[in-house]
1. Go ahead and run the numbers for FRET between residue 30 and residue 55, Cβ-Cβ distance against an R0 of 25 Å, rounding to 0.05.
2. Pairs to check: 45/70; 18/85; 58/85. Give those whose C-alpha atoms are more than 22 Å from each other in this structure.
3. Going highest first, how would you order 78-87, 62-71 by mean Cβ packing within 10 Å?
Amino acid sequence: DTSILPICKDSLGWMFNKLDMNYDLLLDPSEISAIYLDKYEPCVKPLFNSCDSFKDGKLSNNEWCYCFQKPGGLPCQNEMNRIQKLSRGKNLLGKF
């Protein structure tokens, strides 16, 4: 339940307001993608899948704050760890 949440810590609240380019108090995928560099591109979709508890394609301030305070870890870091584990299982060609 995201209706009973601690208030965003200062930096999280500031980042939400900074990313909300159209000032609708919601973050959509295009606003979120502005913070990711190419190497973090795989994180955008998992971020929404993990944080968008209402499944409406947008993140409210409550969803944003809750997402970064989940005990399971940050969605982007979890996805990058998953990708690294998958790539370790692939055989490399040649001698290294």
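Read-outs throughout are calculated quantities, based only on the coordinates presented, and are distinct from any laboratory measurement. Fair warning: this is a prediction, and the values are worked out from it, not measured in the lab. Please note: Cβ atoms are built from the backbone with ideal geometry, for glycine as well, and neighbour counts cover all protein chains shown.
1. Details: r = 18 Å, r/R0 = 0.71.
Result of the calculation: an efficiency of 0.90.
2. 18/85; 58/85
3. Averaged packing, sorted descending, gives the order 62-71, 78-87.
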